[in-house]
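Chemist: Before I ask anything, let me first share the structure, which is written out below as structure tokens.
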Amino acid sequence: MEEDKKKGIVLPTAPRKATAVNARSMTLYGKSKVGKTTALSALQNCLIIDTENGSAFINGIVMQVPETLGPVGRFKWLKELAAEIKAQGRPYDYVAIDTFSQLDIDSEWVGTWNYMNSVAGKNFNRVCDADGKVIKDPITQKTTMLKPTDQEYESVLTLGQGYGYRYSRDAIMDIFNTLKDLGKICTIFVCHVADKMIAEKNGEQVMIKDLALTGKVRDMIPRLCDAIGNVWNENGKMMVSFVGNSDKIGGMRATHLLGYTGELDWSKVFIKEETNK
């Protein structure tokens, strides 16, 4: 044993059994008002964190982000909520962020605030004189920040060569990492769908379904989640597909979801571990 400690890393010598059955994190994406929130309310012991004020017409366990808060305040509130859920031992089997697309929109302005408070952004969105020079207090050398309501207030994304995107990306990934482990069984990130045109090799234009997220985040979130599914309403029934193809993204690490396309049945999406033994 002492010899093993001295070696540090000990390489495995035999295969091990899987340590997870159900997806621990999931992205569900679909068009607005197809019934995503209603479907989530049918999931037992699921806390829906409403970021878009879209849960007023459903029955369920819901917490709504206060409407009076701006983007920075919303992120702060969500972090406090996440800390409280963890402090209480994660009492919910499932937690749904409805929607994560709204937080992605907010991240532009949270990233702007973070940049303004960094060394690099010390003169960004500051009160200037008539010549455009940043005004500093003659004694403290401090500057005065513009308010978001000021007509001169700019987004960090206006910085040259796309430099500002790192700040919005850091902001959204920070809140993703804060929220991703809140559900005892799974945390679900709900996103809107973005239809976009791409050219196939034969030159024909086709429509694909993609996540309504910004830039690299659109690729990062699916990689970090255990499952990603497209949802839609078909004749009044909520449908889901975890199968990806040339028209839409999808995929899973949970083996029981392999090839799953059909009516959304939570008892099939999340199975009891005993059934997999």
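Chemist: Which members of the stretch 98-140 meet the condition of being outside any loop (DSSP other than H, G, I, E, B), farther than 25 Å from Ala227 by Cβ and hydrophobic (A, V, I, L, M, F, W, C)?
Modeler: Answer for the stretch 98-140, where residues must be outside any loop (DSSP other than H, G, I, E, B), farther than 25 Å from Ala227 by Cβ and hydrophobic (A, V, I, L, M, F, W, C): Trp109, Val110, Trp113, Met116, Cys128, Val134.
Chemist: To continue, here is another question. On the basis of being assigned to a strand (DSSP E or B), among the hydrophobic types (A, V, I, L, M, F, W, C) and either exposed (fewer than 12 other Cβ atoms within 10 Å of the Cβ) or in contact (Cβ under 8 Å) with a residue 40 or more places away in the chain (or both), does Val95 make the cut?
Modeler: So Val95 fits the description; yes.
Chemist: Of the numbered conditions (1) surrounded by 21 or more Cβ atoms within 10 Å (Cβ to Cβ); (2) over 30 Å from Tyr167 (Cβ atoms), Ile58 fails exactly one; give the number of that condition.
Modeler: Evaluating Ile58 over (1) surrounded by 21 or more Cβ atoms within 10 Å (Cβ to Cβ); (2) over 30 Å from Tyr167 (Cβ atoms) leaves (1) as the failure.
Chemist: Please work out which one of (1) modelled with pLDDT under 95; (2) in contact with a helix residue (DSSP H, G or I) (Cβ under 6 Å, 6 or more places away or on another chain) is the condition Ile48 fails and give its number.
Modeler: All conditions pass for Ile48, except number (1).
Chemist: Let me ask you something else. If a residue has to be surrounded by 15 or more Cβ atoms within 10 Å (Cβ to Cβ), at pLDDT 80 or above and either part of a loop (DSSP other than H, G, I, E, B) or touching a strand residue (DSSP E or B) at 6+ places or on another chain (Cβ under 7 Å) (or both) to count, how many in the stretch 244-261 make the cut?
Modeler: Qualifying residue count for the region: 3.
Chemist: Output the residue which, of all residues in the stretch 14-28 that are out of contact with any helix residue (DSSP H, G or I) (no Cβ under 7 Å at 6 or more places or on another chain) and at pLDDT below 90, is farthest from Cys186 (Cα to Cα).
Modeler: Ala14
The values are calculated or read from the model by the stated rules, or taken from the named source; none is laboratory data. Keep in mind the model is a prediction, meaning the values are calculated, not measured. Neighbour counts run over all protein chains shown; Cβ positions are idealised from the backbone, glycine included.
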